[in-house]
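The block underneath contains the structure these notes are about, expressed in structure tokens.
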Amino acid sequence: MAMMCAGAWILLLAFHIRAAEGQTVQMESTKSGFVGSQVELRCIFVNSQPPVKISQVTWQKFINGTKQNVAIANPALGVSVLAPFKDRVNFKHEAVRSSQLEDTTIVFSSLRLSDEAAYICEYTTFPAGNRENMVNLTVYARPMTLMTLTSPTIVARPQKRKMTVATCLSANGKPPSVIRWDTRLKGEVQLQETRNANGTITIRSNYIVVPSRETHKQKLTCIVTYRTERIMESVVLNVQYEPEVKIEGFDGNWFLNRQDVQLTCRADANPAVTIYQWKLLNGSLPSNVEIKNNTLFFKGSVTYDLAGTYVCDATNVIGTRTGSVEVNITEFPNNLSTGHEIPQEQHNPGAAIGGAVGGVVLLAIAAILLFVFLRRRQRTFKGDYSTKKHVFGNGYSKAGGLPAHPPMPKNLQYPDDSDDEKKPAQIGGGGPGGFEASEREFDGDAEDLKRPYFTVDEGESREYDERTLAFQYDPEPEIADDMISQTDGSVISKKEWYV
């Protein structure tokens, strides 16, 4: 009997254990919302079979290791929301007020940064005891984004100092934003981060440049990235600067009697130039000049009186800057391609005559040089003398070889048109052993050697040194069409001559 009673108690205890295991509190592990928004914290009790009795449901805020009651639902006492949540927290379902406590979801309205914490939903049951679960609530703060210029007008100073020209601000954000710049203007970025007492963070990004004429009208775009959002704002710089001056109109070709010349003073300035002043260094402006706004008009023809250094002073509210140009006057145009014609009275007859005489002299010098060149070419012929055919004895021989003939007579006579190259002294010589000496000194390959050749007539002869040698100058032999006569009496083929 005792054993039977013990077994019954064991079965009853196991039943209660299984029943307790079937009771759960269902909640989301995390929840988030933005400041000022509304958020629900869900809490559902899953009862067991047979069900247990719910005595009370309590919502608690758990922060820094401590618990703070937020809202209580009791079947006998009703619903109660405690301060400071009284005006912002409510149970979602009205059934809670009628003791139906299976769903005790609460709703936060006008969420605050201070609401960020872990929240516990606790069920008190009988006889199973307490069951609870917890959700972590995160509160975000969307930042206020603002992009501003340091001042509406930025002035470029001659000292060229760096300054902040624009600021991009992401204020009171949670979590902090990321700021970057998009611009073609080169500069430096200065970042500042401030943690506020309420847990938000303020990010300030300054863009620093040296204001100048080049920075005017440059666009700056600030890109703020907050979580998954991108916020973009742009500004255009308004930089004031002194005039940048240059003078236009002088093309380097102002000559006497040229018409309609002028000089214009150009100034790049912000704000615009209000005063232009002209002057001529070391003198006064010509009497024929007319000033209209920023332009000098020179009436009539150009004269030497217009030469000098012209200066233009341009002034705006920032300051005054100067530009200058050196004007020189020439007698004639220095570039005919400009389209300016030389006036008829400027033509110089003396110059034309001098040019003609110079041309004749140049032609004469060229003719002399051509004659000398051709003469030298004949004397320094580099061809093959084997192509020259000479009449000698009863046949033809080459100029390069030494023909076999008796010593030349000393009293040999030549026609009047013979040149120095045909003199006997160059062949035989008049001294002792004339022929033998000349034979030793003879160089058959010398290019400048020229020697006479004669036509020998066998019918006419006279005795000389016991040998017979007839001399007679026959008329010049007929030259073929493809041969050219040389000054030494020889002929050469045209092919060899033009080599």
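The values are calculated or read from the model by the stated rules, or taken from the named source; none is laboratory data. Remember, predicted model here, so these are calculated numbers, not experimental data. All Cβ positions, even for glycine, are placed from backbone atoms using ideal geometry, and neighbour counts span all protein chains on display. With ligands, DNA and RNA removed, areas are computed over all heavy atoms of the protein, side chains included. Shrake-Rupley method; radii C 1.70, N 1.55, O 1.52, S 1.80 Å.
Just one of 119, 123 is at pLDDT 95 or above, in contact with a Leu (Cβ under 7 Å, 6 or more places away or on another chain) and in a strand (DSSP E or B); which is it?
One residue alone meets the criteria, 119.
Looking only at residues in region 182-211 that are part of a loop (DSSP other than H, G, I, E, B) and closer than 30 Å to residue 33 by Cβ, which one is most open to solvent (accessible area, probe 1.4 Å)?
In this case the residue turns out to be 197.
Just give me the residues in region 316-336 being of a type outside the set (Gly, Ala, Ser) and under 14 Å from residue 263 (Cα atoms), in sequence order.
Once the filter is applied, which keeps residues that are of a type outside the set (Gly, Ala, Ser) and under 14 Å from residue 263 (Cα atoms), region 316-336 yields 325, 326, 327, 328.
Have a look at 138, 125 and point out the one that is among the hydroxyl-bearing types (Ser, Thr, Tyr), touching a strand residue (DSSP E or B) at 6+ places or on another chain (Cβ under 8 Å) and either open to solvent by less than 40 Å² (accessible area, probe 1.4 Å) or without any contact (Cβ under 8 Å) to a residue 24 or more places away in the chain (or both).
125
Being of a type in the set (Gly, Ala, Ser) and at pLDDT 95 or above narrows it down to one residue among 356, 366, 352, 267; which is it?
Exactly one of 356, 366, 352, 267 is of a type in the set (Gly, Ala, Ser) and at pLDDT 95 or above, namely 267.
For (1) modelled with pLDDT of 95 or more; (2) hydrophobic (A, V, I, L, M, F, W, C); (3) open to solvent by 30 Å² or more (accessible area, probe 1.4 Å); (4) part of a loop (DSSP other than H, G, I, E, B), each residue gets a yes or a no:
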position: 25; (1), (2), (3), (4): yes, yes, no, no
position: 32; (1), (2), (3), (4): yes, no, yes, no
position: 54; (1), (2), (3), (4): no, yes, no, no
position: 59; (1), (2), (3), (4): yes, yes, no, no
position: 69; (1), (2), (3), (4): yes, no, yes, no
position: 79; (1), (2), (3), (4): no, yes, yes, no
position: 97; (1), (2), (3), (4): no, no, yes, no
position: 100; (1), (2), (3), (4): no, no, yes, yes
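Tell me which residues, restricted to region 147-181, are on the phi < 0 side of the Ramachandran plot and open to solvent by 80 Å² or more (accessible area, probe 1.4 Å).
152, 157, 158, 159, 161, 162, 178, 180
Considering only strands (runs of 3 or more DSSP E) fully contained in region 222-332, which possess at least 1 residues that are on the phi < 0 side of the Ramachandran plot and open to solvent by 80 Å² or more (accessible area, probe 1.4 Å)?
Because the criterion is at least 1 residues that are on the phi < 0 side of the Ramachandran plot and open to solvent by 80 Å² or more (accessible area, probe 1.4 Å), the strands (runs of 3 or more DSSP E) in region 222-332 that meet it are 229-236, 239-248, 259-270, 275-280, 289-292, 295-301, 320-327.
Determine if region 378-399 includes at least one residue that is at pLDDT 50 or above, part of a helix (DSSP H, G or I) and over 30 Å from residue 284 (Cα atoms).
Yes: one or more hits.
Is there any pair linking a residue in region 192-215 that is under 16 Å from residue 162 (Cβ atoms) to one that is of a type in the set (A, V, I, L, M) and open to solvent by 90 Å² or more (accessible area, probe 1.4 Å), with Cβ under 7 Å and at least six apart or on different chains, and which?
205/191
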